[in-house]
Structure formats: C-alpha cells, structure tokens
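Visitor: Shown below is the structure under consideration.
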Amino acid sequence: MKTSKLLQISLISISAFNAFTVPAYAENSIFASQKNTEKQWLGKAAPAFKLQDQNGQWHSLSQYKGKWVVLYFYPKDNSPGCTQEANQFKALYPQFLKNNAVVLGVSLDDVKSHQKFSEKLGLAFPLLADHKHQLSNQLGIVRNLGIIQIAKRESFLIDPQGTIVYHYSSVNTQTHAAQVLADIRKFSQ
C-alpha cells in the first residue's frame, strides 16, 4: 500500500513537472524558429529581381549597387496597416535619401493597384508589383489565405554591396520605418 501511494505521488510529481516544462520548451522553440528564419538570410546576397513600379518603370537590385536598399513587403494596397506603414516610410523618406538609402515597397498587387495606392497617399518611393510572386517566393514570404495569396509583412535591409544585413520578420506598422532608418545609421558607422 505504501509503495502504491509512493508511486502515485511520483507520477503526479512527474506529470506536474512536465506540465510546466513542456510549454516553456514549446515557447522557446517558437522563438528559436523565428530567430533561425531571420538568421537564414543574414550575410547572404540578396536575390536579383526585375519588377515594375506603380509608373511602369522597371527596377532591379543591380541598379542600386552602392546604396542601402529597404525591401519592405506588405500584404495589400489600401488596407489599414499597409497604409499606415507606407505613410511612415513616406514621412521619413527624405531621411532615408540623406542616408544613401532607397525604399522599395513590394506586394503581390499589380501595377494598376500600386498606381492608385501611391497616388492616393502621395508616395515618392517605388511600389514594386510582384504579381507573379517572383521575388516573394525567392524570399519565402508568400502566405496562403484560402484561395488568395499575399505577401507577409516582412522587410529586408540590404547593404550597398548587395548583402542582406537584417531580416525583419516581425513588423510594427507604426514604428518600422523609424527602426529601419536607425539600423541603417547604426550599420553605416
């Protein structure tokens, strides 16, 4: 009887211990996975691309050699979060230019959609139409929402030599532009 009671207490203790350690492990695994995703791009050459902007002009990574490049991906033209993020980059765009940087917004929307969005907000920087998912697939940021596909809200900071120095996999639409600008200034020193 004493052995049975001791066995029950031991099993309860082990169960209680596992109940507290397993979630912590799972939580740490999620964060580790996110950090690994961010790190997989660091130090690698940014993929070459050739995409049209809202005015039908073509842009390629090679034309920005010698400049910092901010590739910021967003889900959809005219959505609230995407509008907020675009306005943040718009407000700081003169500062990006002073720091030898170009800002390129990218989504899976087409040229016509980008044109309307850009005109509505008065954006001075290019919005690239990746409607064939060329660049988004290379960087692994296409999200399936049923039958619709969108780009995840992520950004890549590319140095003047064409190397990815930062991957922002978690973006706050209110502060992201300022964060990227601060990182460019930090890396430039």
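Visitor: Taking K and R as +1 and D and E as -1, what net charge do the other residues with C-beta under 15 Å from the C-beta of Asn99 add up to?
Guide: After counting each charged neighbour, the total is +2.
Visitor: If the viscosity is 1.567 mPa s and the temperature 4 °C, what Stokes-Einstein diffusion coefficient in µm²/s follows for the range 107-189 when Rh is the Kirkwood radius over Cα pairs?
Guide: Roughly 89 µm²/s, to the nearest whole number.
Visitor: Just want the ordering: His114, His176, from fewest to most Cβ atoms lying within 10 Å of their own Cβ.
Guide: Ascending number of Cβ neighbours within 10 Å: His176, His114.
Visitor: Go through Val171, Leu181, Ile158 and say which Cα lies farthest out towards the positive end of the charge dipole of the range 142-189; charges sit on Cβ, +1 for Lys and Arg, -1 for Asp and Glu.
Guide: The listed residue farthest towards the positive side: Val171.
Visitor: List, in the order given, every pair from Lys44/Lys116; Lys65/Lys90; Lys98/Lys132; Lys44/Lys120; Lys50/Lys152; Lys65/Lys186 whose Cα-Cα distance in the structure shown is over 30 Å.
Guide: Check vs 30 Å cut-off fails for Lys44/Lys116; Lys98/Lys132; Lys44/Lys120.
Visitor: Straight-line reach from Lys76: which aspartates and glutamates fall under 14 Å, measuring Cα to Cα and dropping same-chain residues less than 8 apart?
Guide: Within reach: Glu85, Asp109, Asp110, Asp130, Glu154.
Visitor: Which of Pro75, Ser113, Asn99 sits farthest toward the positive end of the charge dipole of the range 53-134, with +1 on the Cβ of Lys and Arg and -1 on the Cβ of Asp and Glu?
Guide: Asn99
Visitor: Within the range 138-161, list the residues whose amide N lies under 15 Å from a label point set 7 Å along Cα→Cβ of Leu42.
Guide: 156-159
Visitor: The range 50-188: percent of C-alpha pairs farther apart than 28 Å?
Guide: That fraction is 8 percent.
Visitor: Note down the net charge around His131, summing +1 for each Lys or Arg and -1 for each Asp or Glu among other residues with Cβ under 13 Å from its Cβ.
Guide: Charge balance in the 13 Å sphere: -2.
The numbers here are math on the coordinates, done by the rules we state, and not lab data. Given the structure is predicted, the values throughout are model-derived calculations rather than measurements. Using ideal geometry, Cβ is built from the backbone for each residue, glycine included, and neighbour counts are taken over all protein chains shown.
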